[in-house]
Amino acid sequence: MDRESWRSGLRAGAPFAAASFVLSASFGVAATGVGFTPWAAVLMSAVVFAGSAQFAAVGVLASGGTAGPAILAATLMNARFLPMGIAFGQSLPGGPVRRALQGQPVVDASWAMAMDVRGRFDRWYLFGHSAIQYVAWVAGTALGAYGGSWIRDPEAFGLDALFPGFFVALLFNELRDRQGVAVALGGAALALALLPFTPPGVPLVAAALVALVGLHPRMERGSADPDPEEGEPA
């Protein structure tokens with residue numbers, strides 16, 4: 001274990017953990033509001049640990065959708081971890097099972113900050129960065145789910161605004177180039193077109209599929225970039 005990298009990851013992850021705590025409290029409020037028991041909301045955060053997927057599932061249920069579309073929407077949201085995991089796996093020791101287990105702590109922020117300019121990863125930095133966020137995410141969910149009426153009121157402390165604001169922040173993060181703008185507009189147009197005559201959850205699932213299709217060319221460009229340091233040990 002590289003203790004220095006672990007500690008550096010913990011320190012760097014602290015601000016993200018603070019944001020995760022507030023956001024996950026909002027998730028706890030939203031989840032119990034659509035019928036989750038408090039323990040089920042906390043369990044989902046502990047097992048899934050993915051804000052976009054969890055909010056997507058709750059959003060489908062809040063609009064009147066059933067469990068099937070909610071699970072599908074969450075799965076599509078998390079599909080981005082497949083290429084991220086493939087990239088991270090090149091920096092991990094051991095066989096396929098061991099690498100798969102080490103890949104479980106990957107979240108967007110820790111993945112991005114643990115990567116160097118050559119595309120290699122400091123795994124212990126990532127583990128520390130994710131660990132402090134994980135604790136905050138589960139604790140915040142518990143606060144939102146088990147808190148009294150003062151916290152479960154969606155308007156308390158503006159938690160109702162965090163729910164849509166979270167997705168707006170994700171959207172702006174992806175509008176870095178023309179492809180991102182085109183994918184966002186295409187997904188929004190398709191969702192709006194389907195909204196009047198499809199069951200709740202279907203428009204969101206369709207928009208997520210558009211996002212995955214748009215991701216493919218970006219992945220191809222990334223894989224085609226030459227690595228001048230290829231062949232050096234990680």
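The values are calculated or read from the model by the stated rules, or taken from the named source; none is laboratory data. It should be emphasised that the depicted structure is a prediction, and the values quoted were computed from it without experimental measurement. Don't worry about glycine lacking a Cβ; one is built from the backbone with ideal geometry, like all the others, and counts go over all protein chains shown.
Looking only at residues that are part of a helix (DSSP H, G or I) and touching a residue at least 12 places away in the same chain (Cβ under 8 Å) in segment 109-122, which one is farthest from residue 51 (Cα to Cα)?
Of all residues in segment 109-122, those part of a helix (DSSP H, G or I) come to 109-113.
From the residues that got through so far, the ones that are touching a residue at least 12 places away in the same chain (Cβ under 8 Å) too are 109-111, 113.
Details: 109: 12, 110: 14, 111: 15, 113: 18 Å.
The selected residue is 113.
Among the conditions (1) surrounded by 15 or more Cβ atoms within 10 Å (Cβ to Cβ); (2) touching a helix residue (DSSP H, G or I) at 6+ places or on another chain (Cβ under 7 Å); (3) modelled with pLDDT under 85, residue 121 misses just one, which is (3).
With the requirement that a residue be polar (S, T, N, Q) and closer than 19 Å to residue 62 by Cβ, what does segment 1-47 give you? Steps first, answer last, please.
Within segment 1-47, the subset polar (S, T, N, Q) is 5, 8, 20, 24, 26, 32, 37, 45.
Result: 24, 26, 32, 37, 45.
Quick one: in segment 65-96, which of the residues that are of a type in the set (S, T, N, Q) and in a helix (DSSP H, G or I) is modelled with the lowest pLDDT? The qualifying residue modelled with the lowest pLDDT is 78. Cβ-Cβ contacts under 6 Å between residues 6 or more apart (or on different chains), taken from a first residue in segment 52-65 that is on the phi > 0 side of the Ramachandran plot to a second residue that is outside any helix (DSSP H, G or I), are listed as 64/200.
Against the conditions (1) at pLDDT below 90; (2) of a type in the set (Ser, Thr, Tyr); (3) crowded, with 17+ Cβ neighbours inside 10 Å; (4) closer than 26 Å to residue 115 by Cα, residue 26 satisfies every one except (4).
Residue-wise test of (1) modelled with pLDDT of 90 or more; (2) out of contact with any Leu (no Cβ under 8 Å at 6 or more places or on another chain).
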{"position": "16", "(1), (2)": "no, yes"}
{"position": "22", "(1), (2)": "no, no"}
{"position": "31", "(1), (2)": "yes, yes"}
{"position": "42", "(1), (2)": "yes, yes"}
{"position": "47", "(1), (2)": "yes, yes"}
{"position": "51", "(1), (2)": "no, no"}
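Just so you know, in segment 4-44 the residues that are of a type in the set (Phe, Trp, Tyr) and in a helix (DSSP H, G or I) include one that is farthest from residue 74 (Cα to Cα), and it is 6. Within segment 97-108, being assigned to a helix (DSSP H, G or I) and exposed (fewer than 15 other Cβ atoms within 10 Å of the Cβ) holds for 97, 98, 100, 101.
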